[in-house]
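Okay, so here's the structure we're looking at.
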Amino acid sequence: MRTYQFQALNTYGQKIRGAIPANSREQALQSLKLKRLQPITLQLQRFAWLRNGRSNVWTIEWAKDVGFFLRSGLSLLESLVASKLRLNQSQKQFVDTVLEELYAGLSLSQILLEHQIFSKLFIGLLKVAEATGQYAQAFEDYAVLRQEETEFFKQLRSSLQYPLILTFVILGMVICFSEFLFPVALEFFKNNHFEQHVATTLFISFAEILKSLLRVFMNIPLVIALLISFYLARKTTKLKYALSWIAIKFPVFGAIYLETIQSLYLKSFSTLLQRGHHVVQASNYSADILQNEYLRRQAYHIEHAIRHEGKISEALTTFLRLPQSLADLLTAGERTAQLAVYCDICAQTLKNHCQQKLKKILAWTGPILVSIMGIIMIWMVVAVVVPLYDQVARMD
């Protein structure tokens, strides 16, 4: 479904702006007529690229700026105008559109919901802010939650850089040796009737297997087909669900990924409860922050379980797959009417635990890969040098 921006006249002759979801332009026009609006202009939404998860990272700093200006005593409209100082042209146009719709009488939560750039979590925080006037708190909460999420995944990616570099160095070294240097040595051994030892024979077998794998990856049509299949798998709902399940089951890193997502959910859930949301709304909005399709579906079951069974801590434990120690904490929080506080404690515990795990894994990954590189280098040297040494010994 697409989103169309419109300018229209209402029944009082006032010009209003907004956005409306529709599958086609004709459907959008029909929806405007049903709302008794006379369209002036209707066009596709201009800010589609801003909805991308990586592209809307700018909203973190923008939310911080808006929160700062609100804390300084400026009104919401003045804060939005002042927040454009550090934005690029497209982002400034987006803020201008928001301002125009605010002047037209729409609420901020309604405007941002229609543009679909922000998560339900932020929309929920804004709805509370519109009732209480605490806009600064809503912007600051959104910035904190999004920054924690972004920084952790950024830390995870940067932590994996060193192991990946070492892995590529090892692969490049093996490929260069087996494809360029080792064939020359083998030809020399055959011409001079050198005896091949166990290390040489094993490396020959290894080189043949490596060549077979390289032929597969050098097949351009096959590689393109695999990339297209993977892209479609990520877009197809069922396959996306399966890939998300595999991600949390992946050895070692899957557990870290799972704990990170659990931490983000509980932190969001705690924040919404502290701002006055009902637990059902908090569970619904918090599920939207999850990037894993499998756990997102599981998180939506939490809302259903709370509605029908009323046991909040049990629903959180079951569908988030929390360990028993944290389940006991949540039960204590629900029993003492301090669920938000205990959710925050559990979120921080999970965050600290997964960070410790990550540090421990990375502390061992580097030495292990260096050891593997050393073993392969020794193996390659032995595969070439031993036959030469044996032949020299026989000549002596």
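General observations
- The distance from the alpha carbon centre of region 53-124 to that of region 153-216 is 54 Å, rounded to a whole number.
- Using all pairs of distinct alpha-carbon atoms, the Kirkwood hydrodynamic radius of the chain works out to 25.8 angstrom.
- Entries of 33/127; 267/351; 120/311; 15/35; 249/357 with Cα pairs more than 18 Å apart: 33/127; 120/311
- Alpha-carbon centroids, region 320-374 and region 251-272: separation in whole Å: 8 Å
- Residue 42/residue 190 FRET efficiency (R0 56 Å; Cβ-Cβ; nearest 0.05): 0.15
- Over region 303-396: Rg over Rh, Cα atoms, Kirkwood Rh: 1.55
- Bridging of residue 211 to lysines at a Cα separation below 26 Å is possible for 190, once same-chain residues fewer than 8 apart are set aside.
- Region 239-396 - Rg over Rh from alpha carbon coordinates, Kirkwood radius: 1.34
- Region 53-145: equivalent-ellipsoid semi-axes (sqrt of 5 x gyration tensor eigenvalues, Cα, Å): 16, 15, 15
A short reminder: the numbers here are calculations on the coordinates, not readings from a lab. Please read these numbers as outputs of a predicted model, since none were measured by experiment. Note: ideal-geometry Cβ built from the backbone for every residue, glycine included; neighbour counts use all protein chains shown.
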